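To start, the structure under review is shown below, and the notes come after it.
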Amino acid sequence: MSTKQVFAGSASGLLVMLAMVGCTSSQPQQPSNATAAAAAPAATEMKQTFDNTLLKEWTGPYGGVPAFDKMNLADIKPAMEKGMALHLADIDAITNNTAAPTFENTIVPYEKAGEALSRAFIYYGIWGSNMSTPEFRKIQAELAPQISDFRSKISQNTKLFQRIKAVYDQSQKTPLPADQQRTVQLIYEDFAMEGAGLSTEAKQRYAAINKELSSLYTSYGNNVLADEEKYVTFFTKDQLSGLPESFVKAAAKAAADNGKPGQYAVTNTRSSMDQFLTYSDNRALREKVWNTYYSRGDNADANDNNQNITNILRLRDERVKLLGYNTYADWRLQNRMAKNPQNAMALMEAVWPAALARVKEEVKDMQAIANASGAKITIAPWDYRYYAEKVRKKKYDLDSDEVKQYLELGNLTQAIFYTAGELFNFSFKPVPAGSVPVFHEDVKVWEVTDKTTGEHIGLWYLDPFARPGKRSGAWASQYRSFSTFDGKKTVLASNNSNFVKPAPGDPVLVSWDDATTFFHEFGHALHFLASNVKYPTLNSGVRDYTEFQSQLLERWLSTDRVINQFLKHHKTGQVMPASLVAKIKKAATFNQGFETTEFLASALMDLKYHTVPDPTGLDPDKFERETLAALKMPKEIVMRHRSPHFTHVFSGEGYAAGYYGYLWADVLTADAAEAFEEAPGGFYDREVAAKLVKYLFAPRNAMDPAEAYRLFRGRDAKIDALMRDRGFPVPAGQKAQKK
């Protein structure tokens, strides 16, 4: 589920990427929608030349590409500082204009402002997420408060806001063309939410809070990354029982990479942890791996995040009270689909009881198997995945490791390309070797074109494997967004995963969940590539909507066309047999108690944190325990993201008070999936696919998401589709569960 913020487009076009399921967010804080940078600089009409590689205009094919092969860490701080100065000069050119404010002399140059800084931020983001080092983290800590000051100089620029407000007020009397009207609205609302209308004294305090928060976010994210790198669980040959051969080989390589050849290692990432807990017969080692993973940022050492959480919550609360809001959540949700925390909470509370009831059933089934095997245990959190797998085998005769043999990364990559071709008419072709620079040898690049016309759409980068310095999870990012107002800009999109790199010569085999996540993140990339907007601001996202498109794309993994063409056994080449497919589909709602509860626990905790009337002095450990107890959280399950490593929420503000958005988006997803199911052509129905692209992908944020969905579906989404989808009881008055 990703999400992260990537500086890639315009003065307000900071694109929000979601991860998810694995769209985790530990990306360093970058300019918000009100302060990000863009296309061609306004203050300097002539092309500038720079000595610093990170500021230079991109050259080469495909409209220019980042010079990832020339990245030098020594360049990043001077590049950022110079870029910020140039961006502020662009803003001065707007505010010094003595002509009456108009869209053309205020909004357009604002959209163009800060091209050089935009480029520098791309490299900054790569070092922050894909290639982090202790040296970079030191620079990052130094730059964070400077970036915050820079943001405040724009978001609190009184003359700039007055000009923007003048254009906005005039547009309310005499509407502009639809795309211009939406652009002005989004920019104005973003400035207003960031305190542009505050008194001078309040603005100063607001800026000081943001500066302090920027350092806290950086510290929080780096603490989590440090624990992921620091804590590796090593084990020996006599502790391999139950582990699949592919994992054993990868674990041997991980141990060698960490200086212990001849041993085996579980790295402190979700992909590695999840596999180990699913298959290892060694309960004591499972408990150790579980504790290591879920205690990230919570080890009472230099990387402990509990005090960071307390400080972040206090400062967020103080900041929004300067604006007159009761809580951070009230401020945050005002321009989301949910509109307020009460609506978001109501959705989660509607699903929570059904999830808890399903957990009781799942635990009962697991305990029965444990008892029958003679294991004198009570199911604990480190047992859940292990015994769930045994229940899956017994109840559905479904072996997850057997499924993995048909999920080879190369074939899955071709599967997502096929899906994009059928729905979007896109074609993917590897770029010529060496023609596009990459920041690591693992990264591969494809050109995206229109299948019919051959028109160039953009490039797609894939960084698939886990490694030291790369944050965990899966996410999508964008190095350049689509726009046409200042010359056509084509898209540079990327997907980033943390698959366990296999031993040399071995295939990359992934779980069904990881394959689903791969489709999910590619959905974000398609959302970037399908963009058809004129102004960069319109590429921004609404947090509880941006996960919808990617969650919907997950559905194509289990379509017959994908299965029959791409889910092939990595050794025999045989297509996944119909009997195994039937088992997978029959088990589609299996373990939904676990999956829904671990997610909802995190989402509820996020909203609870951000609706505390006064969080001063709040103890995160106590608050987490007491809140979960009040929710009647099952003792056999832990939050998907415990507070000390909840990077979505505390390493930035992308998902703060908004983690519920995955569930909100999934209501849309389930409802939209039924639109395809009901169509004559199913998931490949041409008419429904055309509406999907036209209304739900291409407009990005050029229209209100609720209106866009109504244009696609003919009505608002209903929660009953979500409940049917998860195998939960359907709300009273709705149709029975579909078979």
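The values are calculated or read from the model by the stated rules, or taken from the named source; none is laboratory data. Predicted model only: the values in this text are computed from it and were never measured. No Cβ is skipped: glycine too gets one built from the backbone with ideal geometry, and neighbour counts run over all protein chains shown. Quick note on the areas: whole protein, heavy atoms, side chains included, nothing else; ligands and nucleic acids left out. Shrake-Rupley method; radii C 1.70, N 1.55, O 1.52, S 1.80 Å.
For Lys253, a cut-off of 18 angstrom between C-alpha atoms picks up these aspartates and glutamates, skipping any fewer than 8 places away in its own chain: Glu228, Glu229, Asp238, Glu245, Asp274, Glu441, Asp442, Asp506. Partner lysines whose Cα lies under 17 Å from the Cα of Lys429, excluding those fewer than 8 positions away in the same chain, are identified as Lys444, Lys451. Under a model in which nothing but the beta-carbon of Lys, Arg (+1) and Asp, Glu (-1) is charged, region 294-393 shows a dipole of about 280 debye around its Cα centre. The mean sequence separation of alpha-carbon pairs under 8 Å and at least six residues apart, normalised by the residue count of region 322-444, gives a relative contact order of 10 percent. The Rg/Rh ratio of region 240-348, with both radii computed over alpha carbons and Rh defined as the Kirkwood radius, is 1.21. Across region 638-739, C-alpha contacts under 8 Å between residues 6 or more apart give a mean separation that, scaled by the residue count, equals a relative contact order of 22 percent. Estimated at 0.36 nm per residue, the fully extended path between Glu455 and Ala202 surpasses their Cα-Cα distance by 86.0 nm. Maximal additional length on extending the Ala74-Leu323 stretch stands at 85.7 nm, based on 0.36 nm per residue less the C-alpha distance.
Between 0 and 90 degrees, the angle of helix 592-609 with respect to the longest Cα principal axis of the chain falls at about 40 degrees. In this simple spin-label approximation, Asp238 and Lys429 carry label points 7 Å from Cα along the Cα→Cβ vector, and these lie 5.9 nm apart.
For the chain, with all protein chains in place and a probe radius of 1.4 Å, 51% of the accessible heavy-atom surface sits on carbon or sulfur. With helices as the sole contributors, the chain gives -16000 deg cm²/dmol at 222 nm; each DSSP H run of n ≥ 4 counts as -39500 (n - 2.57), and the sum is divided by every residue.
Pairs Lys173/Lys488; Lys360/Lys586; Lys56/Lys534: which are spaced more than 29 Å apart, C-alpha to C-alpha? Result: Lys173/Lys488 exceed 29 Å. Report, to the nearest 10°, how far helix 620-630 tilts away from the longest principal axis of the Cα atoms in the chain, using its own Cα long axis and a range of 0 to 90°. For helix 620-630, the angle is close to 60 degrees. Both radii are taken from the alpha-carbon atoms of region 108-245; with Rh as the Kirkwood radius, Rg/Rh is 1.19.
Estimated from the Cβ-Cβ distance and a Förster radius of 56 angstrom, the FRET efficiency linking Ala178 and Lys632 is about 0.70. Between Glu677 and Lys138, the modelled label-to-label distance comes to 5.7 nm, taking each label 7 Å out from Cα in the direction of the beta carbon. Note on Gln162 and Leu711: their simple-model spin labels are 3.7 nm apart, each label 7 Å out from Cα toward Cβ. Cα-Cα over 28 Å: which of Lys165/Lys694; Lys138/Lys489; Lys393/Lys571; Lys82/Lys159; Lys138/Lys159; Lys394/Lys571? Violating the 28 Å limit, Cα to Cα: Lys165/Lys694; Lys138/Lys489; Lys138/Lys159.
For region 451-561, the per residue solvent-accessible surface stands at 25 Å², with DNA, RNA and ligands left out and a 1.4 Å probe.
Looking at region 190-323, the accessible area is 38 square angstrom per residue; that uses a 1.4 Å probe and ignores ligands, DNA and RNA.
Within region 665-694, the GluC sites (Glu not before Pro) that combine a DSSP coil assignment with at most 15 other C-beta atoms in a 10 angstrom radius are Glu678. Angle of helix 134-155 to the longest C-alpha principal axis of the chain, folded into 0 to 90 degrees and rounded to 10: 50°. When you filter the trypsin sites (Lys or Arg not before Pro) in region 617-713 for DSSP loop state and at most 15 other Cβ atoms inside 10 Å of their Cβ, you are left with Lys632, Lys635.
With a bin width of 10 angstrom, please list the P(r) values of the chain as percents of all Cα-Cα pairs, from the 0 bin to the one holding the largest distance. For the chain, the pair-distance distribution reads 3, 14, 26, 28, 19, 8, 2, 0, 0.
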